[in-house]
Amino acid sequence: MPATQLDAISAKYGVPRQLKSCHTALVEGYVIEGHVPADAIARLLKEKPPFIGLAVQGMPIGSPGMEGPNPQPYDVLAFDRQGRVSVYARK
């Protein structure tokens, strides 16, 4: 998919520019951007917090789909409609 289409999808669902990635999913009304682990998504769906989605920046080694030796620590970030970003989980 061309980058312009990916940008349009991210914009449509309110993904802050700095969190845009090559993967976007919608799960029960929430936006999932990037390599977000399943346990963070399960927690999101259980807690139903007031933000619109979760994101993982980049492609850190050790995140889903990026397995390998020497996993890197990374943050799962939450974002809201105003573009505010906070740490939801540390991996």
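Just a few scattered comments:
- Solvent-accessible surface (1.4 angstrom probe) belonging to Ile61, in square angstrom, nearest 10: 50
- Cα-projected label distance for Thr4 with His23, points at 7 Å along beta-carbon direction, nm: 2.7
- Structure-derived Rg and Dmax of the Cα atoms in Å: which label, when the choices are [x] 13.7, 41; [y] 14.3, 43; [z] 12.6, 37: [z]
- Value of relative contact order over the chain, rounded to a whole percent, pairs C-alpha under 8 Å and six or more apart: 23
- Heavy atoms of the protein chains alone define the surface here; on that basis the chain has 60 Å² accessible area per residue at 1.4 Å probe size.
- Here the gap between Gln72 and Lys12, fully extended at 0.36 nm per residue and compared with their Cα-Cα distance, gives a gain of 18.5 nm.
- Asp7 contributes an accessible area of around 70 Å² to the protein surface, as traced by a 1.4 Å probe with all chains present.
The values are calculated or read from the model by the stated rules, or taken from the named source; none is laboratory data. Quick caveat, the model's predicted, so the values are computed rather than measured. Reconstructed Cβ throughout: ideal geometry from the backbone, glycine too, with neighbour counts over all protein chains shown. For accessibility, only protein heavy atoms count, side chains too; no ligands or nucleic acids. Shrake-Rupley method; radii C 1.70, N 1.55, O 1.52, S 1.80 Å.
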